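Asker: Here it is, the structure, as structure tokens.
The values are calculated or read from the model by the stated rules, or taken from the named source; none is laboratory data. On a predicted model such as this, the values are computed, not experimentally measured, just so you know. Every residue, glycine as well, gets a Cβ built from its backbone with ideal geometry; the counts of neighbours run over all protein chains shown. Protein only, heavy atoms only, side chains kept; ligands, DNA and RNA dropped before computing areas. Shrake-Rupley method; radii C 1.70, N 1.55, O 1.52, S 1.80 Å.
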Amino acid sequence: MPTFTFDRLALAVSVLTPKLIRLRYARNGKFAKRRAWAVTKDDSEFAPTQSDVNETSQEIIINTNAISIHIQRDTSKIHFTDSQNKIFCADDARPSVTSVTKSVAKSVATGEHFYGFGERTYSSLERSGCIYTHWATDTAVPHTPDVDRMYVAIPIYFSVRPNLAYAVYFNNTYRSQFDVGYTDPNQIRFSAHGGEIDYYVFYGPTPREVNEGIAQLLGTHPLPPRWALGYHQSRWGYKSDQEIRQLAKEFRKREIPCDVIHFDIDYMDGYRVFTWHPTRFKNPKKLIADLRRDGFRAVTIIDPGVKADKKYFVYQEGLKKNYFIKKRNGKVFHGYVWPDDSVFADFTRDEVRVWWGELQKHLTDKGVSGIWNDMNEPAVFSKPFSAGVGNTGTIDLDAKQSETTHAEAHNVFGYNMARASYEGLRKLLPDERAFTLTRSGFAGMQKFSAGWSGDNHAWWEHLETSLPQACNMGLSGVSFFGADIGGFNEDASPELFARWMQVGSLYPFARGHSHTDSIYQEPWRFGERVEKICRDYLRLRYRLLPYLYSLFYESSQHGTPIWRPMFYHYPNDERTYHLHDQVMIGDSILAAPIYKANCDRRVVYLPQGEWFDYWTDEKIAGATHITARAPLEVMPLYVRAGAVIPSGPDLNYADEKPLSPLTLDVYAGEGEFTLYEDDGHTFGYERGEYALTRLENKDSRLKIHKREGNHAPPSRKIIIRPHGMERKETVEVEDDGAPIEIHF
Ligand code: GLC
């Protein structure tokens, strides 16, 4: 790692891969010990990379085989160039590293656009012109565009201009800020209240390659169990065994697909985590076993606040083992949450995470399959919950956590709690893939958990916001993400619910949830017409599970987002840079949701190439803007020419039936898709028990390549449906894993 010193400011440049560079600054040449939080891979764990250093009288230049890093001798300013000599990520000023300020200012290049920044409100996709604070916050106020801090803090920005995409991750967990051209339109500035200037640059040049770099450093979502890709039904709160049984019965009776029921805080005994209410949930084991027989999984909520109750085993154990966060004066920190007086485990410590992970046994022993980690910013109320809802704050910033204080550990509180939960489940359910959901998190949280956007409202604006929010989370590394379908606070109207379910049925994480004070928002609560719409769209999701599951596999391997903004596939088409209201789901499907009341049409932009209307098969040549008709039953969907989309039978739950027959919708043009299959829930795939089938569509021919891997799908028919081809009729072939070629 070359280190350079300029006026006592030391700069270390690590070439981790030809496209992934780390830059660290230290005053007086001393680099602090890095804490292994978000970045779990040390520099030394990357395979050695070829780079050379050229020195001129003005510059030191480090060349990799993809880019060059230039350091100016007189100013110590840095810039990068690509192979075309295009400058990017250029310092606009000398980095400021004093005991008070730590900041880096980069100049904004002509045509440069900014995305990412984790979880944000606001319905724009592109994020220039604002200041973004990274400070995990229980955003109990409505998520209006002026809200800056959200539950998740991800100090990553993603830059795109024609032929050049890169991202920056600011490796600092203190409260930090990105000023994206707000103070000076020509500058993007990042700064922190503590810690050091330590950042990584991920070069593309394509957005896909940028995400690959982020994945190499910060990790990917492990492949989820297939059931977790089904629909989740939640509400604060289903209050009893009977209520949950009735809920499950309704889904099956009405044939609305659903895989997961979430148990909110009311299942606990007085909000004591890892307990069950003795009368309302008398026999959770039997309840969950019965649900399981009907194809439902149970996910239970867990909050970090442990009730300070001398007779409660979690409190007793944690106190005895010294696991709770202490104030500066050495006394255990107390704060109010649901159970009123509560204490908080210090998840930065390995032994505490192990303890917490093992406590989940009280839930998994009853048959629980996944954990929903909530309130983990952490939220601390200003008064006891039993006395009403107060304001929300957090733990004292000078409270001790490991060798540091909460000021540094705050942003990774949720991250470390999710880690404890995920790693605990992996031990408790050794050959079952764990499902965890977390409200708060930090860069890299995808290694441990899915996420959702917290307490939104049943507002059209929040349906709209969820589109760029999920796309920007995906660019920031977190693909397995969704918003509460229908809106959490307030009451959804039938029309809003129908429209939200249409788009929600295609969220990577699809869960309906509502507040205890709002109306019940299950799919059948809004009349028959809306119920049918919900059934139809959820069925569509379930039929598309082979497609979605393959996307999750790709994401687990390369960090590729499931939901992508249009520019992801058309990075040179500047018309896509601000397009916040249509998304690509994988390479082939474009969704253009309706997010306004009383609206039965909308404008859709179809970029260069040919497209098919998913519903009518009409062929449309891009680039063009069209007006899509969308009566309440229709969410406009388009398919890219050349697509091969695998789908399966109608299902009530993900593992109800094997993938038989397998249907392949093949659209005229050129393209390919790799279908991924496995048993859906164990780690067998890590031992080679998976099946990968490459589907190649070219010159009016579909080639189904020889299946790879040791997983044997059922013997089945493949139904091939041509779209836009000369041959119109459906073709049926037997699938035995051998290559097949069909001419259209
Ligand atoms: C928080 C969560 C919400 C949950 C509620 C009660 O507000 O964000 O989803 O229902 O707490 O547990």
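Asker: From the list 330, 295, which residue is farther than 21 Å from residue 406 by Cα and either within 16 Å of the ligand (Cβ to nearest atom) or assigned to a loop (DSSP other than H, G, I, E, B) (or both)?
Answerer: Values: 330 fails: farther than 21 Å from residue 406 by Cα.
Step by step, each of 330, 295 is checked, and only 295 is farther than 21 Å from residue 406 by Cα and either within 16 Å of the ligand (Cβ to nearest atom) or assigned to a loop (DSSP other than H, G, I, E, B) (or both).
Asker: Look at region 40-51 and say how many of its residues are among the hydroxyl-bearing types (Ser, Thr, Tyr), open to solvent by less than 70 Å² (accessible area, probe 1.4 Å) and either in contact with a helix residue (DSSP H, G or I) (Cβ under 6 Å, 6 or more places away or on another chain) or farther than 27 Å from residue 114 by Cα (or both).
Answerer: 2
Asker: Out of (1) open to solvent by 10 Å² or more (accessible area, probe 1.4 Å); (2) touching a Gly at 6+ places or on another chain (Cβ under 7 Å), the odd one out for residue 252 is which?
Answerer: For residue 252, the failing item is (2).
Asker: Which one of these does residue 538 not meet: (1) in contact (Cβ under 8 Å) with a residue 60 or more places away in the chain; (2) touching a helix residue (DSSP H, G or I) at 6+ places or on another chain (Cβ under 7 Å); (3) aliphatic (A, V, I, L, M)?
Answerer: So the condition that residue 538 fails would be (2).
Asker: Residue by residue through region 653-686, note down the ones that are over 18 Å from residue 716 (Cβ atoms) and charged (D, E, K, R).
Answerer: If the condition is that a residue be over 18 Å from residue 716 (Cβ atoms) and charged (D, E, K, R), then 670, 672, 686 are the ones that fit.
Asker: Then there's this: In region 405-428, what count of residues is obtained for those that are polar (S, T, N, Q), surrounded by fewer than 20 Cβ atoms within 10 Å (Cβ to Cβ) and under 18 Å from residue 444 (Cβ atoms)?
Answerer: Step one: filter region 405-428 for residues polar (S, T, N, Q), giving 405, 411, 416, 421.
Now restrict to residues that are surrounded by fewer than 20 Cβ atoms within 10 Å (Cβ to Cβ): 405.
Of the ones still in play, those that are also under 18 Å from residue 444 (Cβ atoms) are none.
Adding up the residues that qualify gives 0.
Asker: Would you mind telling me which numbered condition in (1) part of a strand (DSSP E or B); (2) of a type in the set (A, V, I, L, M, F, W, C); (3) within 21 Å of the chain's Cα centre (by Cα) residue 188 fails?
Answerer: Result: residue 188 fails condition (3) only.
Asker: From 606, 579, which residue is within 21 Å of the chain's Cα centre (by Cα) and buried (at least 20 other Cβ atoms within 10 Å of the Cβ)?
Answerer: 579
For (1) under 18 Å from residue 115 (Cα atoms); (2) outside the structural domain of residue 593 (by TED's automatic domain parsing); (3) within 16 Å of the ligand (Cβ to nearest atom), each residue gets a yes or a no:
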{"position": "433", "(1), (2), (3)": "no, yes, no"}
{"position": "441", "(1), (2), (3)": "no, yes, yes"}
{"position": "447", "(1), (2), (3)": "no, yes, no"}
{"position": "460", "(1), (2), (3)": "no, yes, no"}
{"position": "466", "(1), (2), (3)": "yes, yes, yes"}
{"position": "469", "(1), (2), (3)": "yes, yes, yes"}
{"position": "481", "(1), (2), (3)": "yes, yes, yes"}
{"position": "489", "(1), (2), (3)": "no, yes, yes"}
{"position": "493", "(1), (2), (3)": "no, yes, no"}
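Asker: Which of the residues belonging to region 671-694 are surrounded by fewer than 22 Cβ atoms within 10 Å (Cβ to Cβ) and within 19 Å of residue 731 (Cβ to Cβ)?
Answerer: 671, 672, 694
Asker: Looking only at region 341-368, count every residue that is within 20 Å of residue 313 (Cα to Cα), outside any loop (DSSP other than H, G, I, E, B) and charged (D, E, K, R) and tell me the total.
Answerer: 5
Asker: State all residues of region 227-244 that are touching a Leu at 6+ places or on another chain (Cβ under 7 Å), more than 16 Å from the ligand (Cβ to nearest atom) and assigned to a helix (DSSP H, G or I); if no residue qualifies, say none.
Answerer: So the first thing to find is which residues in region 227-244 are touching a Leu at 6+ places or on another chain (Cβ under 7 Å), and the list is 229, 231, 233, 238, 241, 244.
Those still in the list that are more than 16 Å from the ligand (Cβ to nearest atom) too: 229, 231, 241.
Matches in region 227-244: 229, 241.
Asker: Turning to a different aspect of this structure: So, in region 245-262, exactly how many residues are within 16 Å of the ligand (Cβ to nearest atom) and without any contact (Cβ under 8 Å) to a residue 40 or more places away in the chain?
Answerer: Counting residues in region 245-262 that are within 16 Å of the ligand (Cβ to nearest atom) and without any contact (Cβ under 8 Å) to a residue 40 or more places away in the chain gives 1.
Asker: Then there is this: Only residues that are touching an Asp or Glu at 6+ places or on another chain (Cβ under 7 Å) and either closer than 17 Å to residue 340 by Cβ or among the hydrophobic types (A, V, I, L, M, F, W, C) (or both): list them for region 292-301, please.
Answerer: Within region 292-301, 296, 301 qualify.
Asker: Of all residues in region 148-180, how many are assigned to a loop (DSSP other than H, G, I, E, B), within 23 Å of residue 108 (Cβ to Cβ) and under 21 Å from the mean Cα position of the chain (by Cα)?
Answerer: Residues in region 148-180 being assigned to a loop (DSSP other than H, G, I, E, B), within 23 Å of residue 108 (Cβ to Cβ) and under 21 Å from the mean Cα position of the chain (by Cα): 5 in total.
Asker: Related question: Considering region 269-292 alone, what residues qualify as being more than 15 Å from the ligand (Cβ to nearest atom), buried (at least 20 other Cβ atoms within 10 Å of the Cβ) and among the β-branched types (Val, Ile, Thr)?
Answerer: 288
Asker: Can you find, within region 384-403, the residue that is farthest from the ligand (Cβ to nearest atom) among those that are open to solvent by less than 10 Å² (accessible area, probe 1.4 Å) and outside any strand (DSSP E or B)?
Answerer: The residue in question is 399.
Asker: Starting from residues that are under 25 Å from the mean Cα position of the chain (by Cα) and open to solvent by less than 30 Å² (accessible area, probe 1.4 Å), keep the ones in region 346-362 and report whichever is farthest from residue 322 (Cα to Cα).
Answerer: Result: 360.
Asker: Now for a different question. Please specify each residue of region 177-215 satisfying the condition of being touching a helix residue (DSSP H, G or I) at 6+ places or on another chain (Cβ under 9 Å) and farther than 21 Å from residue 126 by Cβ.
Answerer: 193, 194, 195, 200, 212, 215
Asker: Here is a further query. Looking only at region 495-515, count how many residues are within 25 Å of the chain's Cα centre (by Cα), away from the ligand (no atom under 13 Å from the Cβ) and farther than 14 Å from residue 232 by Cα.
Answerer: Count: 7.
Asker: When the residues of region 369-383 are filtered to those that are in a loop (DSSP other than H, G, I, E, B), on the phi < 0 side of the Ramachandran plot and within 16 Å of the ligand (Cβ to nearest atom), which remaining residue is most open to solvent (accessible area, probe 1.4 Å)?
Answerer: Applying the filter and picking the extreme gives 382.
Asker: I'd like the full set of residues that are within 11 Å of residue 368 (Cα to Cα) and either of a type in the set (D, E, K, R) or outside any strand (DSSP E or B) (or both), limited to region 249-292.
Answerer: Across region 249-292, the qualifying residues are 284, 285, 287, 288, 289, 291, 292.
Asker: Any idea which residue in region 516-534 is nearest to the chain's Cα centre (by Cα), counting only those that are open to solvent by 10 Å² or more (accessible area, probe 1.4 Å) and closer than 19 Å to residue 260 by Cβ?
Answerer: Among residues in region 516-534 that are open to solvent by 10 Å² or more (accessible area, probe 1.4 Å) and closer than 19 Å to residue 260 by Cβ, the one nearest to the chain's Cα centre (by Cα) is 520.
Asker: Still on this structure: Look through 186, 171 and report the one residue that is out of contact with any Phe, Trp or Tyr (no Cβ under 8 Å at 6 or more places or on another chain) and open to solvent by 10 Å² or more (accessible area, probe 1.4 Å).
Answerer: Residue meeting the stated conditions: 186.
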